[in-house]
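Here's the structure we're looking at; comments come further down.
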Amino acid sequence: FFDAVLMHVRLLCRQTPRTQIRLCSTQNQDKDHMLPVTIPTQSSQKLTQLLKETLSISSKRARKLISEGYVSIEHKGRVKKIYSEKCTVPEDSITYVQKPERGITPNTDMDLKILSADPKNNWVIVDKPALVHVCPKAHSEENTLLNALAAKFPDVQLESIGEGGLKGGVVHRLDFETSGAVVFALNQFYWEAFRQAFSEHRVRKVYHAIVYGVPRHPRQVYTGKLRVQRSSPAYVIVSEYEGYDTHTEWKVLEKLSKKCTLLEITIKTGFLHQIRATLAHFGLAILGLILLSFSTLFSTQFSPSSSRPLPLFLICFRRPSIFH
């Protein structure tokens, strides 16, 4: 009976403007499982701005909490669940932010190698091995750097930092196959500071990779567009007219043989598979293999004129930069 009534209410709500508040049953919404935030009675306020300022979270995280139904408002004795980010909180009311049912599962068995850390626990730089994800894609996933970080810093509420949830505290990411240094912020202030440094290109990102092939020039710069032609599995190509503007530089460090070269690669932008797609466009294949679906192992073939990204393990080492 309750499900039928709730479905009827949802159908009615679809006919209302998005700026209105949707009425939702508060069954199993015990206030003891919520984080109460008292609203000042002297003035009304936008809900997104309220959550951002009071909980010290990003606007994106605040909108996500609202859209996923974690926010309710109590006004004149009635509790209403909010789904619209355009909602204005009325005067003399209380806003409740429900705690997510599950957060990041700490993994105490995973070895976490810390390269550098702030003495006051504001940030940490972790050595990411190859074949390890930076953060989980689902609550059931536990073998990621973020799970190990949650076990290392149990007093830090990672779920409320930055993008929040299963990406809480993550400043940037590396591909699953890539090894290197990854920066995590342990509070919102430093997450915003690091992200601003990345967006303003004040971070120098250096990679080392062994490629099959010999570049025509000892130093080379490529500024062009990349776009994702297919998302699953990821398929990135060089595009002449549309896509994301990228900047990639590389220089020869050592010729290992007639066909293999050690390169130092610097990127000023960050795009999915930027290095492997760009080098493949110039006929330079990063050495390695990748295990594809159905447990079939494929070797890689390429032609010098091919712009297709090669499905290879990225062999590189990322050096942490000094942030100013």
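Cross-link reach is defined here as a Cα-Cα straight distance under 12 Å, omitting same-chain residues fewer than 8 places apart; for Lys152 the aspartates and glutamates meeting it are Asp109, Asp111.
Computed over the alpha carbons of region 69-197, Rg followed by Dmax gives 17.4, 55 Å. Under the combined filter of DSSP loop state and at most 14 neighbouring Cβ atoms within 10 Å, region 179-277 retains these GluC sites (Glu not before Pro): Glu200, Glu240, Glu242. Among the listed pairs Lys46/Lys128; Lys81/Lys113; Lys128/Lys255, those whose Cα-Cα separation exceeds 32 Å are Lys46/Lys128; Lys81/Lys113. For the cross-link pairs Lys120/Lys251; Lys137/Lys268; Lys120/Lys167; Lys64/Lys120, the ones whose C-alpha atoms lie over 31 Å apart are Lys120/Lys251. On full extension, the segment bounded by Arg202 and Thr223 gains 5.8 nm, given 0.36 nm per residue less the C-alpha separation.
Enumerate by residue number the chymotrypsin sites (Phe, Trp or Tyr not before Pro) in region 234-283 meeting two conditions: DSSP loop (anything except H, G, I, E, B), and at most 16 other Cβ atoms within 10 Å of the site's Cβ. Those that pass, being in a loop and sparsely packed, are Tyr241.
Just so you know, all these numbers are worked out from the coordinates, no wet-lab data involved. Here the structure is a predicted model, which is why all the values come from computation and not from measurement. Every residue, glycine among them, receives a Cβ derived from its backbone with ideal geometry; neighbour counts consider all protein chains shown.
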